[in-house]
Structure formats: C-alpha cells, structure tokens
Amino acid sequence: MTYTAPLDDMLFNLRHLVRLDELAALDGFEDAGMPTAAAVLAECARFNEEAVAPLNAAGDREPAVLADDKVTTTPGFKDAFRRYAEGGWLGVQHPAQYGGQALPRVIAAACSEIVNAANLSFALCDLLSNSAIAALVSVGSDAMRDTYLPKLISGQWTGTMNLTEPQAGSDVGLVRTRAERQSDGTYKLFGTKIFITYGEHDLTENIVHLILARVAGAPAGVKGVSMFLVPKVLVNADGSLGKRNDVHAASLEHKLGIKASPTAVMQYGENGGATGYLIGEENRGLEYMFQMMNSARFAVGVQGVAIADRAYQQAVAYARERVQGRSVGAAAAGSVPIIAHPDVRRMLMEMRSKIQGCRAMIFAGAAAADLAERHPDAGVRQSEHDFYEFLLPLIKGYCTEMSLVVTSLGIQVHGGMGFIEETGAAQYYRDARILPIYEGTTAIQANDLVGRKTLRDGGAVARDVAARIESTEAQLAQSGSPAASAVRQALEHARRAFLEVVDHVVSHGGDSPEAVYAGSVPYLMLAGELVAGWQLGRALLAAERTAAAGESAEFLAAKAATALFFAEHVLVQAPVYRDRVLTGARSVLAMAADQF
C-alpha cells in the first residue's frame, strides 16, 4: 500500500487555523510563511513517499538484528537515513547556528507526521535525536552544544534517551545506574538500561546517549538523579572520533510492532566504566529529563496521527476496490464496493474525523509553542506557554489512544483480510499499540492533566481553554448554517461537561485524591475530544469563509462534513465521560487489591 501525504489538510490548517503568515511576522520566522511551508512539505512528502514508505513492510518482515556486538538495520534503512539527513530533515526546527533550518515548530510537526506515517520504525531514530537535541539546546553547556549539536542536527550522529531500568520504569527515582566522579571532571558510569530505542545501529558513526544515573552520596529518590552525556565513541578535543566507549547493546527486544526499530538493552561499564559528562548540575536530572520527555511526548502524539492516517488511507483504498454485497435499498442485483455500505462509511468517517481533529489539535499546540517562544508580548508568551502545556497530555494521551481505535477500525474495514498480515493493515495496529505506553502511559498523561495542569492552578488554564471554545461557539452561531448550528450545540454540551469535571477535580482533588484520579483517564478523553472538536469547529468556519470565495469546493465540503460527523458521533459522548469522572470512582475502588 502506497502512502500519500495529506498536504491539502496540512496546508489548510497552516493557512486558516494556525495562521502561519502571522507566525511568520515573529522575529526569526520572517521567511517561514505559506510559500515556504508549501515548498518544504511538498519536498518532505516527495522524499518520504518515494524513499521511506516503501521500506515500511520490509522492516516488519526483516527487523534489525544484533550479532557480534553490532546491529544491522533493515536493508535500505542505512541509505534512506543518509539521504534523509542530507536533505536536512533532522534540523527543520533546530537553531540555525548549529546547522538547523530554524523553521516554526508547526512546520516541523507536519514534516514529522509525514515521515512517521511513511515508516514509524524508521522515524523513531529522528524522534529520539530530536529529544536529545532539545535537551542539549536547553541545558547543555556551550562546549557540549558546539561539539554535539552540529553532528546531531546534520544526522552525522544520532541521540538516545536512557531512562528505563529493569526495576525502574516510570518511577525514575528507583534508578540504580551509578556515576563515579573522576579527577579530570568526567564520570564513570555503571549500569543497565532497557527499552532504548536505536540504542545501537549502523546508520551513523556515533550515538550520543543521554542517561539518568545517581552519583555516590546523592539523595534518595528523584532528588538524587543526575543526567549525563555518554557517547558511543569518545570525541577528541578537535572534534574527531577517538576510542570506543565502554557501552554496548547486550540484546535487542522482540516486539509486537515497530520491529525495524532496534530496541536495545544497553550495558554501561562492564570494562572499567563508561566515560560520561555531567549535563548541568548534579541531582537535577529529573528536571532536565523533562526537556527531553516533553519533546518526545509531543512527537509521540504526532506518531498517533501519522499511523492512524496511514491506516485510514489503506482502508479507503480497500473499501473502494473490494466488491462485496448488495447496496442497501438499491434495486440493482449486482454487488458493490463496500464503501457503498452505510456502516463502512461510518467507520471511515470516524477514522477521518478523529485524525483531522487530532492533527488540528497538534498544529494548534505547535503554534502555541512557537508563540510562547517568540511573541514580543510577555503576557502572550505566558498565555501561549500555559495553553501548550495544557494541551501536551492531550496530544500525547488522546492522540495515541485515538490511533488504536483508528487502526483497529482499519482492520475491521478490511474484514477477514485485515487479519491477514499480507494486506499490511495489521502492522499499523501492532505498530500503534506502543504509542499509549512509551514516553509515559495514558494514565501518566491523565495524572499530569489532573495534578499539574488542573489542580496546581485551581483550573485557571482549563477554564481559559473553555473560554476560547465558547468564543468559537459564538462564531458558529453567527454562521447560521445547519452544520455550524449542529457543531455549536455539540461543542456547548461538551464544554459544559468539561467544566463540570474541572470543578469536580478542583473541589475534591485535595480531600478525595483517589476518587479524582480514578477518573483521570475519562477526564483526559473528554478534554481531548473537546479540543479536537473545537479545532474542527474552527475548520468548519474557515471552510465556510473560504467556500464563499469559491475555492476548492469539494475539499471544503468534505471538511464541513467531517466536522459535522465528529460533532454528532464523537462529541456527544462528553456526558458519558463526565459521569464516569463524577460518579464512577466508587465502583473503580470498590474492591480491595487482594480481591482481584
């Protein structure tokens, strides 16, 4: 199955929802308007459709292998990565002073969706490098930045995150990897890290590992964790490569999906200690970790949309060509393509509407991050920062949960053929299954939404988001079209349900924390669907405005139909989520742990 990047929808979002030309007025983004975005995305689509997407199925059949302390990636990956790096695709959003293109994050998000849809396993190498780059830009020393960032951004080297250990998953306070100070200011590291994506590979000459470890005498728990940079190959003072460091891949995991991505068990210090360099200050590793983690969480949300869109495209193509059954209510006796059947249309519309709502939410989040960084008004910068931070658990949590629904529906559209590996539909589901798990499970995102994003400020930002949505409702009311009226009504009901949940969380988070957190995931799902529906409502308004000018009538009509479907079939579930939060905790907690 081929892949075609959804450039029409991406450019529509950039033009009408993000208002990219307004972003391009910000300092440093002067050359990043719509003409630039259109050219960049067109070239990104061309390269990934031709060079990366054809490797997707091959990677599932021929995953990376480890032998003689070396990992060999899927045939074709090495050449594709070389061309990907030469094209500058690892540096789209990164600082120009280190070789990046310094484009807005929202353009980079669109590029990220394209490569992840083309080949999720391939794109994971880029994702982890981007997270390492984000951490070094934020908290690395000048010397570290000068030494490592140009090579990471150019793709000459790649980066990883080394957080998880056999006994320490999401609870990084349990990390046991130890770091011993050396007289020359370096550290020797000893320990084992698991689930390290692209921890070892043959794509580049060096790999830069960012690692959490504990220095001798450090406080217990998260307050005693530090972050270190540990290169696979040591770097000489002149920037050339020196000797191999004491780090290697002990094994590769055998996984349900993303098989072409080498997920390594990494061993540090088996032969005297791996040389590492402290990032920032000792015992502030958890703080620095979130520089990487937040970058990765946003990127994983993008992966959710990407894999869902790949599954949707294949489902539509199959539904158009698969002839089966007679059309309901038709007089003709012949069989028809299954896309003529109402329930197949329902499934495809659910897939389409959720993908487009989540894509628009991600673009809104990326634009907010750009504004938070560069807007000249400090008040706007803070407001957009808060908005982005609120969206982050929704982007990571809701968009990845959405991908499971959509890829599962993709199999259902295929019927029995979807359960057969040769069609490729099953791979999308298997690949997507990791997305709600890594970089913080859905429950972790939901707990973040409750604790840091709602309780901490008494629901202030949540209510501000609701106020923004209410403003869109007023614009929909002014439209007067039947579709706008239906979307407005659904948005209003969902927004009111959301506010009831916010009030409940704020009122009871202190005195009944278990009861509140028992409803954290339904709260996240309600918030995610509300924001996605809001963005589709904004898209409907933009489509109506643009249609009045007589542009792209077929695309704009489909945009309006998509928003209406989401309102009538997805947003209507808001009261169910609300009730699960407000009254469902007692049944969640009714049984004692030893009764299960």
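The values are calculated or read from the model by the stated rules, or taken from the named source; none is laboratory data. What you are looking at is a predicted structure, and each value in this text was computed from that prediction instead of being measured. Reconstructed Cβ throughout: ideal geometry from the backbone, glycine too, with neighbour counts over all protein chains shown.
A few remarks follow.
- Qualifying residue in the stretch 449-467 (condition: within 16 Å of the chain's Cα centre (by Cα), within 25 Å of residue 107 (Cα to Cα) and at pLDDT 95 or above): no
- Selection from the stretch 316-359 of residues that are among the polar types (S, T, N, Q) and in a helix (DSSP H, G or I): 353, 356
- Inclusion of residue 361 among residues that are surrounded by 21 or more Cβ atoms within 10 Å (Cβ to Cβ) and in contact (Cβ under 8 Å) with a residue 12 or more places away in the chain is warranted.
- Pair list, Cβ < 9 Å and 6+ apart or interchain, from the stretch 271-300 residues that are under 30 Å from residue 400 (Cα atoms) to residues that are part of a helix (DSSP H, G or I) and among the acidic types (Asp, Glu): 294/389; 299/126
- Residue, surrounded by the most Cβ atoms within 10 Å (Cβ to Cβ), within the stretch 152-176, restricted to residues that are part of a helix (DSSP H, G or I) and under 24 Å from the mean Cα position of the chain (by Cα): 152
- Any chance residue 335 is farther than 27 Å from residue 436 by Cβ, in contact with a helix residue (DSSP H, G or I) (Cβ under 9 Å, 6 or more places away or on another chain) and either surrounded by fewer than 18 Cβ atoms within 10 Å (Cβ to Cβ) or modelled with pLDDT under 95 (or both): no
- Flag for residue 313 being over 30 Å from residue 389 (Cβ atoms), touching a residue at least 60 places away in the same chain (Cβ under 8 Å) and either in contact with a strand residue (DSSP E or B) (Cβ under 8 Å, 6 or more places away or on another chain) or assigned to a helix (DSSP H, G or I) (or both): yes
- Sole exception among (1) in contact with a Leu (Cβ under 9 Å, 6 or more places away or on another chain); (2) surrounded by 16 or more Cβ atoms within 10 Å (Cβ to Cβ); (3) more than 22 Å from residue 301 (Cα to Cα); (4) not acidic (Asp, Glu) for residue 110, by number: (3)
- Criterion (under 30 Å from residue 57 (Cβ atoms), not acidic (Asp, Glu) and not assigned by TED's automatic domain parsing to the domain that holds residue 564) met by exactly one of 406, 380: 406
- Exactly one residue among 209, 201, 248 is out of contact with any helix residue (DSSP H, G or I) (no Cβ under 6 Å at 6 or more places or on another chain), buried (at least 23 other Cβ atoms within 10 Å of the Cβ) and part of a strand (DSSP E or B), and that residue is 209.
- Taking each residue of the stretch 525-542 that is assigned by TED's automatic domain parsing to the domain that holds residue 560 and looking for partners that are surrounded by fewer than 24 Cβ atoms within 10 Å (Cβ to Cβ) and acidic (Asp, Glu) with beta-carbon atoms closer than 8 Å, six or more apart or interchain, yields 525/401; 528/401; 537/473.
- Scanning the stretch 22-53 for residues that are assigned to a helix (DSSP H, G or I) and either touching a strand residue (DSSP E or B) at 6+ places or on another chain (Cβ under 7 Å) or surrounded by 15 or more Cβ atoms within 10 Å (Cβ to Cβ) (or both) yields a count of 14.
- Single unsatisfied condition, residue 255 versus (1) exposed (fewer than 14 other Cβ atoms within 10 Å of the Cβ); (2) within 19 Å of residue 165 (Cα to Cα); (3) of a type outside the set (Phe, Trp, Tyr): (1)
- When residues of the stretch 258-288 are limited to those that are of a type in the set (A, V, I, L, M) and surrounded by fewer than 22 Cβ atoms within 10 Å (Cβ to Cβ), the one farthest from residue 185 (Cα to Cα): 265
- Condition check for residue 383: modelled with pLDDT of 95 or more and either buried (at least 22 other Cβ atoms within 10 Å of the Cβ) or not in a helix (DSSP H, G or I) (or both): no
- Selection from the stretch 212-245 of residues that are of a type in the set (D, E, K, R) and either out of contact with any helix residue (DSSP H, G or I) (no Cβ under 9 Å at 6 or more places or on another chain) or closer than 21 Å to residue 263 by Cβ (or both): 232, 238, 243, 244
- Checklist (1) over 27 Å from residue 458 (Cβ atoms); (2) modelled with pLDDT of 95 or more applied to residue 592, failing item: (2)
- Residues of the stretch 162-191 satisfying the condition of being aliphatic (A, V, I, L, M) and modelled with pLDDT of 95 or more: 179, 189
- Filter result for residue 420 (outside the structural domain of residue 462 (by TED's automatic domain parsing), within 19 Å of residue 344 (Cβ to Cβ) and surrounded by 19 or more Cβ atoms within 10 Å (Cβ to Cβ)): no
- Cβ-Cβ under 9 Å pairs, at least 6 apart or on other chains, the stretch 423-434 side touching a residue at least 60 places away in the same chain (Cβ under 8 Å), far side crowded, with 21+ Cβ neighbours inside 10 Å and among the aromatic types (Phe, Trp, Tyr): 423/318; 425/318
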